[in-house]
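The next block holds one structure in the form of structure tokens; read it before the comments.
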Amino acid sequence: MGRPKQFDPDVAVERAMGVFWRKGYAATTPQDLVDELGIGKGSLYNAFGSKHALFERALARYRDSQAAWLTELLDHPGTAKDRLRGALEALVELDLGDPDRRGCMAVNAAAESAPSDAGTADTVRRMFARTESAFRATVEEGQRAGEIDAGRDPVALAAWLLATVIGMRVMAKTAEDATQLRRVVDAVMGSL
């Protein structure tokens, strides 16, 4: 009979996510993961197969948690424009409140690994599609309510909001304070 696992794989994925998010895929060594998870290399490989397989699980966990968080923000009561502003402002606060300035793990992975890693590209693409879909639904609500010009293409507006979020999350990695990012939020909201 095999030895029982001495760790919770869900907790391990969560902790590994933190390492990959902070250091990136390439800079994260198996030893970094072993040290963070408090398990042996054999247990790491037996449980997850490879560093890359663990990274894919961590990135999928990030995708799911961020999509749920954004959807919850956009489902709050209030006007569509208020909810969109609230989501953009929450992202600014999230990124600037992070002392490590990690930015968005999916954006980081897209820049680092997606060009050469089809699995990473697919995971990031799915996250971006979910985000864009949530923005589109909110824009369409705003159009039905008369807050947002119904003559504007909601698909294009949602793609623009997604691109804005990606850019803001990169900018937040080096921003000294929230001033520049808040100007972006104001400009976006003024343009809707």
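One chain, two ends: residue 96 and residue 32. Fully extended at 0.36 nm per residue, the span grows by 20.5 nm beyond their Cα-Cα distance. In this Cβ point-charge picture (+1 for Lys and Arg, -1 for Asp and Glu), the chain has a dipole of about 480 debye about its Cα centre. Just the Cα atoms of region 43-192, one point each, no solvent: what log10 I(q)/I(0) does Debye give at q = 0.13, 0.18, 0.20 Å⁻¹? The calculated log intensity ratios at q = 0.13, 0.18, 0.20 Å⁻¹ are -0.62, -1.08, -1.26. Pairs of lysine residues in the chain that meet both criteria, 8 or more places apart or on different chains and Cα atoms under 24 Å apart, total 6. Relative contact order, whole percent, for region 1-108 stands at 28, derived from Cα pairs under 8 Å and 6 or more residues apart.
Membrane-span-like helices of the chain, defined as complete DSSP H segments with a Cα extent of 15 Å or more along the helix axis and a mean Kyte hydropathy of at least -0.5, are identified as 9-23, 51-74, 80-96, 154-171, 179-191.
State, as an integer percentage, the relative contact order of the chain based on alpha-carbon contacts under 8 Å between residues 6 or more apart. It rounds to 23 percent for the chain. The Kirkwood hydrodynamic radius of region 112-191, based on inverse pair distances between different Cα atoms, is 14.2 Å. Just so you know, the Rg over Rh for region 1-125 is 1.05, from Cα atoms, with Rh as the Kirkwood radius.
Given R₀ = 22 Å, what would the calculated FRET efficiency be for residue 122 paired with residue 50, taking r from the Cβ atoms and rounding to 0.05? It comes out at approximately 0.80. Divide the volume of the convex hull around the Cα atoms of region 72-141 by the residue count and you get 88 Å³ per residue.
Laboratory data are not the source of any read-out in this text; all were calculated from the coordinates shown. Every value quoted in this text rests on a predicted model; they were computed, and no experiment measured them. FYI the Cβ positions are ideal-geometry reconstructions off the backbone, even for glycines, and counts take in every protein chain you see.
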